[in-house]
Amino acid sequence: MTSTIHAVIENVSRRGFLKGMLATGGLVLAAGSVPSRALAAYATGAEKMAHGVRSDPHLFVSIAPDGIVTIVAIRSEMGTGSRTSLPMIVADELEADWSRVRVMQAPGDEEKYGNQDTDGSRSLRHHIQPMRQCGAAARQMLETAAAQRWGVAVGEVQAQNHEVVHKASGRKLGYGELAADASALPTPPADQIKLKDASAFRYIGKGTTPIVDLFDITTGRATIAYFMPGSLASML
Amino acid sequence: MVKLQVNGQAQSFDGDPSMPLLWYLRDELQLTGTKYGCGVALCGACTVHIDGEASRACGIAISDVAGRSVTTIEGLDRDGNHPVQKAWRALNVPQCGYCQAGQIMQAAALLATTKNPSEAEINDAMSGNICRCGCYQRITAAIKTAATGA
């Protein structure tokens with residue numbers, strides 16, 4: 001398995017995938033989060049589950065017109081930090097300011113988000129590459145949107161810390177201001193997605209980002225066990 | 001009819017008096033910060049304060065807390081800024097989070113009576129609170145931080 005795995009990334013801004021859950025009028029990207037080759041390499045049992053292996057998009061990142069980035073966590077939190085680390089990977093590639101990132105837990109909806117089994121120490125192994133590609137694709141679309149707005153070559157602009165900058169003229173546009181324009185653009189083809197160099201990581205490997213539900217856990221507000229509506233509890 | 005105080009508010013309950021306090025808190029009052037762990041007072045996940053003392057809510061009948069004052073994680077500090085909660089965040093204690101309300105309530109009860117506990121006193125007070133993620137070293141460190149205000 002090498003870094004040549006490519007997630008299929010789609011611009012689903014107009015498809016109302018997350019209707020009622022996220023702001024409209026922004027950019028929403030979806031990526032098939034488990035490449036088929038990774039599935040073949042790791043027998044997970046997903047093929048035997050009710051909805052089988054879902055290859056349609058089920059990892060989402062959205063950028064609302066107010067600049068808030070929402071990243072859907074498609075794995076649960078079992079104490080290893082994956083509810084934080086997986087969205088953090090998207091945010092890093094996206095050059096997002098973590099304080100303006102919201103993590104939305106995918107609520108056990110297999111048809112929408114695919115298999116969400118959180119086990120086998122595979123949340124990161126299976127998802128780091130698609131997550132990076134999804135974040136990078138969004139970043140490149142924002143850069144393209146800004147370059148078009150200014151009428152300059154995309155190579156002259158750079159996304160950094162939640163805005164796109166045109167160094168030559170000192171102009172800047174925030175992600176929120178670019179979200180609507182970016183939502184009208186095609187996603188970059190897989191072979192044109194440019195991942196960051198590891199030396200440019202903001203969050204990955206730094207060990208400086210607290211888990212997203214730290215405050216909620218210490219105040220008893222965190223949703224830890226999710227019960228589907230109508231589920232009953234039993235005790236052995 | 002059982003009358004009691006929960007997080008400073010007067011409550012009354014006229015259902016089954018043998019219902020464990022834990023289910024009253026979770027199912028009747030929707031105070032779900034207190035967790036169900038083992039159900040037999042062996043793991044500490046359901047720890048609350050009864051008249052200030054750390055107690056396992058799963059093993060106490062609602063009738064046994066009549067006239068008493070119960071504090072849950074939701075009522076420990078209105079803004080969630082009890083010194084123990086602040087220390088917990090400063091040291092990134094939680095991992096999955098399931099046992100943490102119980103851990104915090106146990107630690108807060110310890111510090112209420114023992115202002116600057118030794119490591120042995122901390123271990124003694126906390127030994128009934130199990131953490132499957134294994135946060136114990138950070139829990140001990142955070143209790144010391146909370147005690148000294150560091």
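Taken as a whole, the condition of being out of contact with any Phe, Trp or Tyr (no Cβ under 9 Å at 6 or more places or on another chain) and touching a residue at least 60 places away in the same chain (Cβ under 8 Å) applies to A:R132. Selection of the range A:155-179 for residues being in a loop (DSSP other than H, G, I, E, B) and hydroxyl-bearing (S, T, Y) yields only A:S169. Take A:H58 and tell me if it is surrounded by fewer than 19 Cβ atoms within 10 Å (Cβ to Cβ) and either of a type in the set (D, E) or at pLDDT below 65 (or both). No; evaluated as a whole, the condition is false for this residue. Being within 19 Å of B:C96 (Cβ to Cβ) and crowded, with 19+ Cβ neighbours inside 10 Å is the filter here, so list the residues in the range B:8-40 that pass it. The answer is B:R26, B:T32, B:G33, B:T34, B:K35, B:Y36, B:G37. When we screen B:C43, B:C58 for residues that are crowded, with 21+ Cβ neighbours inside 10 Å, closer than 16 Å to B:L25 by Cβ and of a type in the set (A, V, I, L, M, F, W, C), the only hit is B:C58. Note on the range A:183-227: residues that are of a type in the set (S, T, N, Q) and in a loop (DSSP other than H, G, I, E, B) amount to 4. Here is the figure for the range B:71-114: residues that are more than 7 Å from chain A (Cβ to nearest Cβ) and in a helix (DSSP H, G or I) total 17. Scanning the range B:1-14 for residues that are away from every other protein chain (no Cβ under 12 Å) and at pLDDT 95 or above turns up B:V2, B:K3, B:L4, B:Q5, B:V6, B:G8, B:Q9, B:A10, B:Q11, B:S12, B:F13, B:D14.
Within the range B:29-70, take every residue that is within 9 Å of another protein chain (Cβ to nearest Cβ) and among the polar types (S, T, N, Q) and give me the one that is farthest from A:A222 (Cα to Cα). Top of the filtered list is B:T34.
Could you please give the count of residues in the range A:212-235 that are at the interface with chain B (Cβ under 7 Å from one of its Cβ atoms) and surrounded by 13 or more Cβ atoms within 10 Å (Cβ to Cβ)? Qualifying residue count, the range A:212-235: 10.
Just to verify a result, which residue in the range A:61-82, among those that are hydroxyl-bearing (S, T, Y) and within 14 Å of another protein chain (Cβ to nearest Cβ), is surrounded by the most Cβ atoms within 10 Å (Cβ to Cβ)?
A:S82
The values are calculated or read from the model by the stated rules, or taken from the named source; none is laboratory data. This structure is a prediction, so every number in the text was calculated from the model and none was measured. Here the Cβ is made from the backbone with ideal geometry for all residues, glycine too, and neighbour counts use every protein chain on show.
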